[in-house]
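Only one structure is covered here, and it is reproduced in the block below.
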């Protein structure tokens, strides 16, 4: 059997670290909750349906802002960010590229 040769500097890590900064205070400061997903599909009405098992982070916004960091799989090129309000309206949704470590909304 041949030996497996791994080049120097090879990164075995299958996830990447991200900094997430959300500021929707110009839209609303009402009570709201953010979730970020690594997998989702597009519905026929062009909204997005998250794969709830792929949630990588979630938390409440404070006066329309949220700041945190999280890990996500390197295999996913894009992420879905959803912001839900507690008044029953449809969520705000944004798809972002996961090719950088900084995500801002």
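Throughout, read-outs are computed from the coordinates displayed, never taken from laboratory work. Given the structure is predicted, the values throughout are model-derived calculations rather than measurements.
For the options 46, 92, 20, a Gaussian network treatment of the chain with springs between C-alpha atoms closer than 10 Å singles out 46 as fluctuating the most.
Relative contact order of the range 1-72: 42 percent, from C-alpha pairs under 8 Å at least 6 residues apart in sequence. Taking only Cα atoms and a 10 Å spring cutoff, compute GNM fluctuations for the chain and point out the largest among 81, 27, 57. Looking only at 81, 27, 57, the biggest GNM fluctuation is shown by 27.
Volume of the convex hull of the chain (Cα atoms only), normalised per residue: 129 Å³.
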